[in-house]
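Undergrad: Let me begin by handing over the structure; questions about it come next.
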Amino acid sequence: MEQKYTRETRCFKVSRVFPTDVNNHDTLFGGKLMSYIDDIASISVSKLCRTAAVTASTDSVDFLQPIRPTDSVSLESFITWTGTSSIEVFVKVIREDLRSGDRKIAATSFLTFVALDEQNKPTPVPQIVPETEEELKLYETAEQRALMRKHRREESKKFADFLVTKYPWE
Ligand SMILES: CC(=O)SCCNC(=O)CCNC(=O)[C@H](O)C(C)(C)COP(=O)(O)OP(=O)(O)OC[C@H]1O[C@@H](n2cnc3c(N)ncnc32)[C@H](O)[C@@H]1OP(=O)(O)O
């Protein structure tokens, strides 16, 4: 089985917060941050598997700190765990006050992608090898998160079966 070190999947992105990126509280729009998160996570996934892959789920995006126009927003992503075709990615968002240099964790997120072959079917991915303390901690706790996701997915399917697809005006 092919293996890759976590560090080989690590990506980093730093942006300014422009006036078009903020909401009416003058903080970074949550949807913009979610788009940055999905974008960077997908690049870590490509570095791992080098095949097509889709976002299967996002566990949560925990917005811990507001990000203001005087901050920079940095995102770091890396693969924390792999199943057979599924890939867990962790994204850490840091906001830095550009006037003081003060840094805070502004958001964190776990996403799961699934690698696809040329027929768009799930396909096996290389296994990940963690090295640092942070990577090891996230790797060791990943199986538990994968189990919770499996359970949630089953519940979501049941819920979807219950929902109607009729439009309100029909
Ligand atoms: C990059 C983008 O923007 S993509 C756009 C947004 N994403 C999409 O459109 C994806 C839509 N969904 C799909 O295409 C399908 O549901 C897929 C590809 C995610 C899964 O396909 P299925 O045929 O249901 O896959 P299957 O049940 O065989 O599971 C394959 C793997 O995916 C994992 N998986 C499937 N759904 C989920 C989920 N919601 N969350 C976490 N893992 C999942 C399974 O646990 C399994 O993992 P393993 O191979 O490591 O054991």
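Undergrad: For Lys92, state whether it is among the charged types (D, E, K, R), under 18 Å from the mean Cα position of the chain (by Cα), open to solvent by less than 60 Å² (accessible area, probe 1.4 Å) and under 27 Å from Ile43 (Cβ atoms).
TA: When the stated conditions are applied, Lys92 passes them.
Undergrad: Name the residues in the stretch 9-43 that are buried (at least 18 other Cβ atoms within 10 Å of the Cβ), away from the ligand (no atom under 12 Å from the Cβ) and within 28 Å of Glu155 (Cβ to Cβ), would you?
TA: Leu33
For every residue, the table says whether it meets (1) among the small types (Gly, Ala, Ser); (2) assigned to a loop (DSSP other than H, G, I, E, B); (3) over 24 Å from Glu131 (Cα atoms).
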| site | (1), (2), (3) |
| --- | --- |
| Met1 | no, yes, no |
| Lys4 | no, no, no |
| Ser42 | yes, no, no |
| Lys47 | no, no, no |
| Val54 | no, no, yes |
| Arg68 | no, yes, yes |
| Thr80 | no, no, no |
| Val91 | no, no, no |
| Phe113 | no, no, no |
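Undergrad: Say whether the condition of being open to solvent by 30 Å² or more (accessible area, probe 1.4 Å), acidic (Asp, Glu) and more than 16 Å from the ligand (Cβ to nearest atom) is met by at least one residue in the stretch 56-63.
TA: Taking every residue of the stretch 56-63 in turn, at least one turns out to be open to solvent by 30 Å² or more (accessible area, probe 1.4 Å), acidic (Asp, Glu) and more than 16 Å from the ligand (Cβ to nearest atom).
Undergrad: Among the candidates Ile87, Ile128, Ile105, single out the residue that is loosely packed, with under 14 Cβ neighbours inside 10 Å and either in contact (Cβ under 8 Å) with a residue 24 or more places away in the chain or not in a strand (DSSP E or B) (or both).
TA: Exactly one residue qualifies, and that residue is Ile105.
Undergrad: Sticking with this one: Can you work out which of the residues in the stretch 99-134 that are among the β-branched types (Val, Ile, Thr) and within 11 Å of the ligand (Cβ to nearest atom) is nearest to Arg68 (Cα to Cα)?
TA: Thr112
Undergrad: Could you figure out which of (1) more than 23 Å from Arg145 (Cα to Cα); (2) touching a residue at least 40 places away in the same chain (Cβ under 8 Å) isn't true of Asn24?
TA: Every condition holds for Asn24 apart from (2).
Undergrad: Test of understanding: among Glu118, Glu154, Glu131, which residue is over 24 Å from Gly30 (Cβ atoms), touching a Phe, Trp or Tyr at 6+ places or on another chain (Cβ under 9 Å) and of a type outside the set (Lys, Arg)?
TA: Glu131
The values are calculated or read from the model by the stated rules, or taken from the named source; none is laboratory data. Remember, predicted model here, so these are calculated numbers, not experimental data. For neighbour counting, all protein chains shown are included, and Cβ atoms are generated from backbone atoms with ideal geometry for every residue, glycine included. All accessible areas refer to the heavy atoms of the entire protein, side chains included, with ligands and DNA or RNA removed. Shrake-Rupley method; radii C 1.70, N 1.55, O 1.52, S 1.80 Å.
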